[in-house]
Amino acid sequence: MYTLTPYSRISRVPRHHHRPCRATISTHPSTIAAPRRLDDVTRMIPTNVAIDDPSSLRSTWSHRAWVATGFASVLTSLAKSVAAAADSGSVVEPLLAAYVGYILADLGTGIYHWAIDNYGGPSTPVFGSQIEAFQGHHRWPWTITRRQFANNLHALARSVALTVLPIEALLYAVGGGGDAASHAFVGTCAGCVMLSQQFHAWAHEKRSRLPAAVAALQEAGVLVSRPMHAAHHREPYNTNYCIVSGVWNAELERWKVFEAAEMFIFFRFGVRPRSWSETRPEWREEAEPATKP
């Protein structure tokens, strides 16, 4: 048997007298900047257009022209889908594609609504006026019900028209015109996005003023309902952003999707969303004034 004896070639380190450590505390102010909010650069001034400028709620011929162009582009896509489905004898694929377009349109409006609500200001390129308008909407949400149809939809109709026409041209160039499912998806998704502002307006309207068919679609969950969207208009306005059907709202809230995105933006760029801060007094909601019977 062998006996194991511990053995080391490392010599002992002599102990030395260590000088005490000293720390110096600086009283100079920190140079670390506080997290930014994108709307701090240009402060938004709320304007109640329903009172200050009622004419801005009326439709113009330019508004009507863009809405007509938007509807033409959407209906052209859907007509191509119907024609292609008739030629192929199959309706299942285009119907499924249309359903997917409807579902994704709801998600798209939610993502856009979240971004506009939380980031940027009046000076933000392209989106500045929309950002300011959405903040004004939080203070006077009832004004959307006073906007005329084309006035409410023209901005989205313009975006849809300028997006759908190139997509249709691409489908024609690549696939010889595209199949029924492709056209059904494009037409349905674009149509729901364009009409989302009207769905939004209906979600603010009193039930007694809604068309019976609209009220029924809201109750069935096909269109975003008044109670569901009302949750978004409670401070700090950080939930229920989707405004087509609202089908995504519960899942986005459950999985904290927007919270995760806000944390990423904060840690990556140092920018706080508006929903993290207390609502400024000038943006707090005001009730609709009573109208004369």
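The values are calculated or read from the model by the stated rules, or taken from the named source; none is laboratory data. As the structure is a computational prediction, the values presented were derived from the model and not from experiment. Cβ: placed from backbone, ideal geometry, glycine included. Neighbour counts: every protein chain shown. Side chains are part of the model used for accessible areas, which takes the heavy atoms of the whole protein and leaves out ligands, DNA and RNA. Shrake-Rupley method; radii C 1.70, N 1.55, O 1.52, S 1.80 Å.
For this structure, a couple of remarks:
- Of all residues in the stretch 251-260, one or more are under 17 Å from the mean Cα position of the chain (by Cα), β-branched (Val, Ile, Thr) and within 26 Å of residue 197 (Cα to Cα).
- Residue in the stretch 264-280 that is exposed (fewer than 14 other Cβ atoms within 10 Å of the Cβ), of a type outside the set (Phe, Trp, Tyr), more than 13 Å from the chain's Cα centre (by Cα) and more than 24 Å from residue 141 (Cα to Cα) present: yes
- Residue satisfying condition, being open to solvent by 20 Å² or more (accessible area, probe 1.4 Å), modelled with pLDDT of 95 or more and in a helix (DSSP H, G or I), within set 78, 153: 78
- Checked against the criterion of being polar (S, T, N, Q) and touching an Asp or Glu at 6+ places or on another chain (Cβ under 9 Å), the candidates 143, 188, 163 yield just one match: 143.
- Residue among 136, 101, 108, 121 that is more than 20 Å from residue 181 (Cα to Cα) and in a helix (DSSP H, G or I): 136
- If you check 112, 172 for being without any contact (Cβ under 8 Å) to a residue 24 or more places away in the chain, more than 30 Å from residue 273 (Cβ to Cβ), of a type in the set (Phe, Trp, Tyr) and open to solvent by 30 Å² or more (accessible area, probe 1.4 Å), only one passes: 172.
- Condition check for residue 239 on (1) hydroxyl-bearing (Ser, Thr, Tyr); (2) surrounded by 22 or more Cβ atoms within 10 Å (Cβ to Cβ); (3) within 23 Å of the chain's Cα centre (by Cα): one failure, at (2).
- Whether a residue is modelled with pLDDT under 95 and part of a helix (DSSP H, G or I) was assessed, and residue 39 passes this test.
- Close contacts from the stretch 67-86, counting a first residue that is in contact (Cβ under 8 Å) with a residue 24 or more places away in the chain and a second that is open to solvent by 60 Å² or more (accessible area, probe 1.4 Å), with Cβ to Cβ under 6 Å and a gap of 6+ residues or different chains, come to 73/165; 84/179; 85/91.
- Counting only helices (runs of 4 or more DSSP H) that sit wholly inside the stretch 156-269, those with at least 1 residues that are in contact with a Gly (Cβ under 8 Å, 6 or more places away or on another chain) and over 20 Å from residue 144 (Cα atoms) are 180-202, 249-254.
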